[in-house]
Amino acid sequence: MTTAPRTDAVFDLDALLTPEEREWQQRARAFAQERILPVIDEDFERGYFRRELIAELGDAGFLGMHLRGYGCAGAGAVSYGLACLELEAGDSGWRTFVSVQGSLAMSAIAKYGSEQQKQQWLPRMAAGDAVGCFALTEPQGGSDPAAMTTTARRDGDGWVIDGAKRWIGLASLADVAVVWARVDDPAFGEGGRAVRGFLVPTTTPGFTATPITGKLSMRASVQCDVALEAVRLDADAMLPGAEGLSGPFGCLNEARYGIVWGAMGAARSCLEAALERSTSREVFGRPIGANQLTQAKLADMLLEVEKGILLALHLGRLKERGALTPAQISVGKLNSVREALAIAHQARTILGGDGITDAYPVMRHAANLESVRTYEGTDEIHQLILGRALTGLDAF
Ligand code: TGC
């Protein structure tokens, strides 16, 4: 394959970025090209998570990069988004790693943790010396965290947690799990308001994480079933600043924001593969890109990539001003993933039979994007969040 052309040069998006943002983007692009792309097809085929890249991601400053202090880079929201875009142009599994570590686990500790919890975990997590996971979703379904059945009951001064979680990224290699549980004590509220977060070192007896096998998506990353059986914790394991479901939802906002950018990276990679093929492959005596139907497909793909990135940039600027709302994040997550999937499917048609092989990244991106479509709120959940924002009526 020849070097892919830079499709984002068409709209001169660089002109909308600061030098610092461009530097973060270039650093992430280089990481994807030098450390992810050379090995990703083999890792995807073998279902292998390349753990040694974690410390390299830490060294490069990507872990918790939008957080301040505690060894974190303190980068802006747009810089973080650009890093997500470039890493996901490599593979959704690696953007997911950065999201779970930085936007979910580290951000839960940074937002809601005590000073002692922050000191204990954040510097090591930023460096990639410790890995975190975020245990919210339960086996009966991820869309309704209010139906959570995992409980934390009082045990003297401490807590005992019992329950089960599913689809928990990184859990089998994590050092600490942010576990969301319903506190079995009326003093901590009722219903969704009784939900609290706990920091559970994964060596705690009763904590077990089992990688989920048989995945046809996100094969180069790890998602687990987690069992919590009489997991005993000290009183200070609770995150003091998170009360009720707004705690985990506040972290989901961060991760969903990263997806708005990241999915456009996968989409751009698919477009670039199709574009390269359209000029290098000849059928009927001319490049397939000389056909009007192929050009129409390429043009439509370009429109959605560029519009998606412009939307992500707008949301990023709102986030930097502290003005980004959950409904706006839903617009971005819904649009980016839906369009990225459509682009992957359209790109595949231009690649012909070779498009189903790993000579091109398109089927891998398409398979990965099926996971991205489902986690952090399905299309339907985001449609319903927007439906509520428009009508004022709850249709969940
Ligand atoms: P409701 O129960 O009424 O609200 C509960 C409280 O939460 C507040 N809230 C939010 N706060 C901040 N940001 C948001 N986006 C929020 N959404 C809700 C809400 O204001 C309320 O606060 P309070 O103080 O009044 O108690 O819930 P709702 O009706 O607002 O929301 C319903 C619905 C369906 C939108 C929500 O349940 C939802 O978003 N469901 C989807 C959950 C989801 O995305 N699950 C996937 C999780 S993916 C994951 O766990 C990690 S995957 C990565 C990996 O590990 O690999």
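For the condition of a type in the set (Asp, Glu), assigned to a helix (DSSP H, G or I) and surrounded by 24 or more Cβ atoms within 10 Å (Cβ to Cβ), residue 88 qualifies. Within the range 331-342, is there a residue that is within 25 Å of residue 216 (Cα to Cα), of a type in the set (A, V, I, L, M), at pLDDT 95 or above and more than 18 Å from the chain's Cα centre (by Cα)? Yes - at least one qualifying residue is present in the range 331-342. Remark: pairs (first residue in the range 182-195, over 14 Å from residue 240 (Cα atoms) and in the same structural domain as residue 158 (by TED's automatic domain parsing); second residue modelled with pLDDT under 95 and among the basic types (Lys, Arg); Cβ separation under 8 Å; 6+ apart in sequence or on different chains) = 184/154; 185/154. Among the residues of the range 112-150, those that are in contact (Cβ under 8 Å) with a residue 24 or more places away in the chain and surrounded by fewer than 17 Cβ atoms within 10 Å (Cβ to Cβ) comprise 114, 116, 119, 123, 129, 139, 143, 144, 146, 149.
Does the range 136-146 include one or more residues that are farther than 15 Å from residue 99 by Cβ, at pLDDT 95 or above and more than 13 Å from the ligand (Cβ to nearest atom)? No, the range 136-146 contains no residue that is farther than 15 Å from residue 99 by Cβ, at pLDDT 95 or above and more than 13 Å from the ligand (Cβ to nearest atom). Residue count for the range 385-396 under the criterion of being more than 10 Å from the ligand (Cβ to nearest atom) and touching a residue at least 24 places away in the same chain (Cβ under 8 Å): the result is 2. Residue 167 fulfils the conditions (1) at positive phi; (2) more than 12 Å from the ligand (Cβ to nearest atom) except for a single criterion, (2).
Can residue 299 be described as surrounded by fewer than 21 Cβ atoms within 10 Å (Cβ to Cβ), among the hydrophobic types (A, V, I, L, M, F, W, C) and free of Cβ contacts under 8 Å to residues at least 12 places away in the same chain? Yes, satisfied. Among the residues of the range 235-251, those that are touching a residue at least 12 places away in the same chain (Cβ under 8 Å), within 15 Å of the ligand (Cβ to nearest atom) and not in a loop (DSSP other than H, G, I, E, B) comprise 247, 248, 249, 250, 251. In the range 319-339, the residue that is nearest to residue 266 (Cα to Cα) out of those that are within 9 Å of the ligand (Cβ to nearest atom) and hydrophobic (A, V, I, L, M, F, W, C) is 329. Restricting 268, 232 to those that are part of a helix (DSSP H, G or I) and of a type in the set (D, E, K, R) reduces the list to 268. Residue 200 falls short of the stated requirement of being among the β-branched types (Val, Ile, Thr), surrounded by 24 or more Cβ atoms within 10 Å (Cβ to Cβ), under 30 Å from residue 314 (Cβ atoms) and outside the structural domain of residue 42 (by TED's automatic domain parsing). Please enumerate the residues belonging to the range 112-171 that are in a helix (DSSP H, G or I) and in the same structural domain as residue 238 (by TED's automatic domain parsing). Correct list: 145, 146, 147, 171.
Among the candidates 68, 46, the residue that is surrounded by fewer than 19 Cβ atoms within 10 Å (Cβ to Cβ) and either assigned by TED's automatic domain parsing to the domain that holds residue 221 or more than 28 Å from residue 324 (Cβ to Cβ) (or both) is uniquely 46.
Confirm whether residue 103 is within 16 Å of the ligand (Cβ to nearest atom) and crowded, with 24+ Cβ neighbours inside 10 Å. So residue 103 passes the test. Candidates in the range 347-384 are the residues that are under 20 Å from residue 279 (Cβ atoms) and buried (at least 19 other Cβ atoms within 10 Å of the Cβ); of these, the one that is nearest to the ligand (Cβ to nearest atom) is 361.
The conditions of being exposed (fewer than 14 other Cβ atoms within 10 Å of the Cβ) and farther than 29 Å from residue 250 by Cβ are met by residue 292.
The values are calculated or read from the model by the stated rules, or taken from the named source; none is laboratory data. Every value quoted in this text rests on a predicted model; they were computed, and no experiment measured them. Neighbour counts are summed over all protein chains in view; Cβ atoms, including those assigned to glycine, are modelled from backbone coordinates with ideal geometry.
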